[in-house]
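What follows is a single structure, written as structure tokens, with notes after it.
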Amino acid sequence: MDIHRCRFVPYQPSAINAVAFSHPKAKSAIHGAIAKLAVGRANGDIEIWNPSSGTWHQELVIRGGKGRSIDGLVWVNDLDQDLEGGRVVVGRSRLFSIGYTSTITEWDLEKGKPKRHASAQHGDIWCLAAQPAGPAGVGGSDGTLPSNKLLAGTVHGELAMYSVEDGDLRFQRMLVKSPTKRVHMVSMTFQSRKMVIVGCADSTIRAYDLTHGHMVRRMTLGSDLVGGAKHIIVWSVKCLPNGNIVSGDSTGQICIWDGKTYTQTQRIQSHKQDVLSLAISADGNSIMSGGMDRRTFLYKQNDDGGRWSKAWGRRYHNHDVKAMASFEFKSMSVVVSGGPDAHLTVVPLKEMRRENHRNMSCLPQQPPIASASNARFMVSWWDRQVHVWALRRPATELFKSAADEVNINENRKLLKSIVIKGDSNITSAAVDKDGRFLVVSTATDVKAFHLRHRAPAKPCDVAVAAVELPHKLSHLGASRVVLSPDGRWLCLIQEGSRVLMAVVDAGDQDSPSISGQPQRLTRLHREVPRYILNGGLGSYDRNITQVAFSADSEMLAVADLAGFIDTWVLRTAEGARRKGGGGDSADEDEAASSSDSSSSASGDEAERWIRNPAGKQLPKLPSVPVVLSFSDHMPGRQGQQASRQEEADGTGDYVLAAITTSWHVLAFHPRRGSLTTGPGCGRTACRSS
């Protein structure tokens, strides 16, 4: 919150290679509420977006690493289960990815890490598809069989089947082998539960029967245009609800194929270059294509249900339109597209020409920058590098200078670039106000550095030394690291929802270190029905996304995707003597012993973090928080007697502000466990005009 805008940081966004919705055709309100969009990028990052009510909030980013790339994403949803009383256990949603290797990866969205991998003796996987649920003679509770197979097409023309039954991921068998290894499988879709359509790089589209493992039909596209390549590449294939097939290829054409006879019924020339991606509406009456010519086209079927025609075309991207996915729920009907220009574009599908498109910024919604105000340092990070910049003169001095003497570009200096060892990209970083203690986290490790400097003017004026951290603090990595304003406390969020607190010992200012063992802070138990936790994404909503310290570093607040706020207070030696050795309540005793037995009181035994006694009374936020911050006001210590005037006007308590995706601004008194009172305080709902 201390940096409003920074334009000179050379942040390089990564290209979008894949997009996929968990429930592209949400049939009920509960499916529409839990629907997520997964975005895969060329640097290995996976982003989870929430499209609910058009907010398009980026909820989670799983960082990639060196040599990693996400080139395909597939969701698999289990069947729903009906319980008594009208309750429904939504089927589990699982996310799988490929990266042009021979491995399929399943992701644990609750912890933000890979869950399991599976591979076999075959070539690199270029396309992946999930077997759809289908009718069953015997089986599913609602008369359907679940989606329990993944089909992978390889660069050598092999078709491999993987099983995802019983929550596992394992190679099952090889369906098709190519003796010549010249057939490159590029795209894939299921026509039915037992029939898969594969687009290849040899001017063919092939239909395979999964039951017998043989090719049913081979559809040919002929030769490329004059002066073109020898073979036509089928970059994308989709199936309409009536079984007909749509393909987009390297000639810039889309082709419509009869789903029963596997013959071509129509060919439309729309793009000037390759068609890279396709999207289909739920009712099968609209097709959208994106190409290498940066254009997006919409096609509509005639009223008689016969031929297709081009209805609309526009350039939304500055580069190739590499990936597309459609989403429809109630009145919402959109297509999300992306490519090398790195930004997502939301285009209306059914309401094209009547609704506007929307471009989402390629910048992360959690900014990868932090500042050390006393040292006039700014720290930025991405991939595996951390950059330390120095701002030489304050902005006020620049404004007072004569216009011809001001050169903003000379006011900054890159002092250090630190490369983090390992293959994982940086998830978070924090620096103290003096710019001397830097903490950097990845998904697998946490590292700390001591920056020695005195009025630095050039890179050699800053010396970097590694600071050793306890194994318990670093071995699991962290999704967020935050330093308290006084630099004495380091808070880490591990595995999405685990909160750790460590003491930073500044020592003689020459050798900062982490003293003692970290303390684990337990969160309040929330009454979430088991039928909700057992379905959908499980406890994914308990992922902590916002962390804030109070200005005096004596209160910590965190908020998760569900909107729950947990707070802790620092119990000092003075407060411990006032309360006595036994504590004031059983609840506080439980909170005070929230750490593991080996780390119950890290650092000074007289100081420890306990749960805020009024934390249970804090109301749940109406939607996902995007900002959580304390005001600069610092009341008296917990336990000190507040005056009547302080109790009346709230000056005896902190002020904690939260902003949500539904445009609500809320202010709390966390010690009281209530909203603030008075004019202009409490809860405000903002609406756009």
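The values are calculated or read from the model by the stated rules, or taken from the named source; none is laboratory data. Everything numeric here is computed off the predicted structure, so don't read it as measured data. In this analysis, Cβ positions are derived from the backbone assuming ideal geometry, glycine residues included, and neighbour counts consider all displayed protein chains.
Please determine, by comparing only the residues of region 488-513 that are surrounded by fewer than 22 Cβ atoms within 10 Å (Cβ to Cβ) and either among the hydroxyl-bearing types (Ser, Thr, Tyr) or in contact with a helix residue (DSSP H, G or I) (Cβ under 8 Å, 6 or more places away or on another chain) (or both), which one is modelled with the lowest pLDDT.
511
Quick one: how many residues across region 440-476 are touching a Phe, Trp or Tyr at 6+ places or on another chain (Cβ under 9 Å), modelled with pLDDT under 90 and either part of a strand (DSSP E or B) or surrounded by fewer than 17 Cβ atoms within 10 Å (Cβ to Cβ) (or both)?
Of the residues in that region, 0 qualify.
In region 22-67, what residues are outside any loop (DSSP other than H, G, I, E, B), within 13 Å of the chain's Cα centre (by Cα) and within 23 Å of residue 100 (Cβ to Cβ)?
Of everything in region 22-67, those that are outside any loop (DSSP other than H, G, I, E, B), within 13 Å of the chain's Cα centre (by Cα) and within 23 Å of residue 100 (Cβ to Cβ) turn out to be 37, 38, 39, 40, 41, 46, 47, 48, 61, 62.
Do any residues in region 183-206 that are assigned by TED's automatic domain parsing to the domain that holds residue 262 and without any contact (Cβ under 8 Å) to a residue 60 or more places away in the chain have Cβ atoms under 7 Å from those of residues that are surrounded by 24 or more Cβ atoms within 10 Å (Cβ to Cβ) and not in a strand (DSSP E or B), where the two are at least six apart or on different chains, and which pairs are they?
Pairs found: 203/232.
Select from region 414-425 the residues that are surrounded by 17 or more Cβ atoms within 10 Å (Cβ to Cβ) and either within 19 Å of residue 514 (Cβ to Cβ) or of a type in the set (Gly, Ala, Ser) (or both) and list them in ascending order.
Hits for region 414-425 are 418, 420, 424.
Take the residues in region 309-326 that are modelled with pLDDT of 95 or more and under 22 Å from residue 283 (Cβ atoms); name whichever of them is surrounded by the fewest Cβ atoms within 10 Å (Cβ to Cβ).
325
Given 502, 551, which one is out of contact with any Leu (no Cβ under 9 Å at 6 or more places or on another chain) and over 21 Å from residue 49 (Cα atoms)?
Of 502, 551, the one residue that is out of contact with any Leu (no Cβ under 9 Å at 6 or more places or on another chain) and over 21 Å from residue 49 (Cα atoms) is 551.
Exactly one of (1) in contact (Cβ under 8 Å) with a residue 12 or more places away in the chain; (2) over 24 Å from the mean Cα position of the chain (by Cα) is unmet by residue 544. Its number?
Here residue 544 clears every test but (2).
Residues of region 69-87 being surrounded by 16 or more Cβ atoms within 10 Å (Cβ to Cβ) and not hydroxyl-bearing (Ser, Thr, Tyr), which ones?
Scanning region 69-87 gives 70, 71, 72, 73, 74, 75, 76, 77, 78, 79, 80, 81.
List the number of the failed condition for residue 112; all other conditions in (1) surrounded by fewer than 18 Cβ atoms within 10 Å (Cβ to Cβ); (2) within 20 Å of the chain's Cα centre (by Cα); (3) at positive phi hold.
(1)
Hey, among the residues in region 33-68 that are of a type in the set (D, E, K, R) and in contact (Cβ under 8 Å) with a residue 24 or more places away in the chain, which one's surrounded by the fewest Cβ atoms within 10 Å (Cβ to Cβ)?
Step by step, filter region 33-68, then rank; the result is 66.
Restricting the search to region 650-675, which residues are assigned to a loop (DSSP other than H, G, I, E, B) and either at pLDDT 90 or above or more than 15 Å from residue 633 (Cα to Cα) (or both)?
653, 654, 655, 661, 662, 663, 670, 671, 672, 673
Can you give me the number of residues within region 174-194 that are surrounded by fewer than 18 Cβ atoms within 10 Å (Cβ to Cβ) and at negative phi?
Number satisfying all stated conditions: 8.
If residue 191 satisfies all but one of (1) more than 21 Å from residue 73 (Cα to Cα); (2) within 36 Å of the chain's Cα centre (by Cα); (3) of a type in the set (S, T, N, Q), what's the number of the condition it fails?
With (1) more than 21 Å from residue 73 (Cα to Cα); (2) within 36 Å of the chain's Cα centre (by Cα); (3) of a type in the set (S, T, N, Q) applied to residue 191, the lone miss is (1).
Are there any pairs with C-beta distances below 7 angstrom linking a residue in region 254-275 that is of a type in the set (A, V, I, L, M) to a residue that is assigned to a loop (DSSP other than H, G, I, E, B), with the two at least 6 apart or on different chains, and if so which?
These pairs meet every condition: 254/270; 256/244; 275/252.
Output the number of residues of region 477-504 satisfying the condition of being within 23 Å of residue 634 (Cβ to Cβ) and not in a strand (DSSP E or B).
5
State whether the residues of region 5-19 include one that is crowded, with 21+ Cβ neighbours inside 10 Å, over 15 Å from the mean Cα position of the chain (by Cα) and part of a loop (DSSP other than H, G, I, E, B).
Checking region 5-19: not a single residue is crowded, with 21+ Cβ neighbours inside 10 Å, over 15 Å from the mean Cα position of the chain (by Cα) and part of a loop (DSSP other than H, G, I, E, B).
Could you tell me whether region 87-98 includes any residue that is touching a Pro at 6+ places or on another chain (Cβ under 9 Å), at negative phi and without any contact (Cβ under 8 Å) to a residue 40 or more places away in the chain?
no
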